[in-house]
Amino acid sequence: MEKLALFASGSGSNAERIADYFKPSKKIGVEIILTNNPAAFVLKRAEKLNIPSFIFSRDDLYQSDKVLKILAEHEISWIILAGFLWLIPQNLLRAYSGRILNIHPALLPKHGGKGFYGMKVHEAVIAANEKESGITIHTVDERYDEGQILFQAKCSVSPEETPDSLATKIHELEYRYYPEVIERVCLNF
């Protein structure tokens, strides 16, 4: 059984979709949800889904092995970032080499890197007069949004597009494809 740890910093809508997708699976399951934000709505989603959750601080992640120990205790085989905004530290990159996945709400390498998340990405796409946007699912390395691209899906950006309308299109792509790509990658690693 491939055991997933989901990392999220906010609402957790992707985390919930992933957990629901794998609920009937005998091969992959969401074991725990971790967040750096004690006020994150993802904690309510974890409770509703009956999935254990953990809150950690910046020091827990960067100055200790606390997060790594939690992952080891739960025999986690994959880390899945679902709206997690901090850079992954070296100890996790070493322990989970090639087994940390992220989703970005644009077509990398455009509109990625430090500071490009959420609505900031959609605003940048529109400001650049892009004709299309989409999602990128990639492995995670020591730099923001520079891991190996595993999958991309596109959507059009109309001349009257707003950041909110683009966000809606992007969420639809995320919900549709992220669980499927996670499943394919985990089962073929």
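The table below lists the values:
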quantity	calculated
In nm, spacing of pseudo-spin labels at Lys131 and Thr168 (7 Å Cα→C-beta vector)	2.4 nm
Alpha-carbon centroid distance for the pair segment 46-115 / segment 136-153, whole angstrom	14 Å
Computed over the chain, Kirkwood Rh from alpha-carbon pairs, angstrom	16.7 Å
Full-stretch length increase - Ser57, Ala95 - with 0.36 nm per residue and alpha-carbon distance subtracted	11.7 nm
Length added when fully stretched, Lys3-Asn37, from 0.36 nm per residue minus Cα-Cα	10.0 nm
Straight-distance crosslink candidates among lysines, where the alpha carbon sits under 29 Å from Lys120 and sequence neighbours closer than 8 are dropped	Lys44, Lys110, Lys131, Lys154, Lys169
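Any read-out appearing in this document is the output of simple, stated calculations on the displayed coordinates, not a laboratory observation. Source: prediction; values computed, not measured. Please note: Cβ atoms are built from the backbone with ideal geometry, for glycine as well, and neighbour counts cover all protein chains shown.
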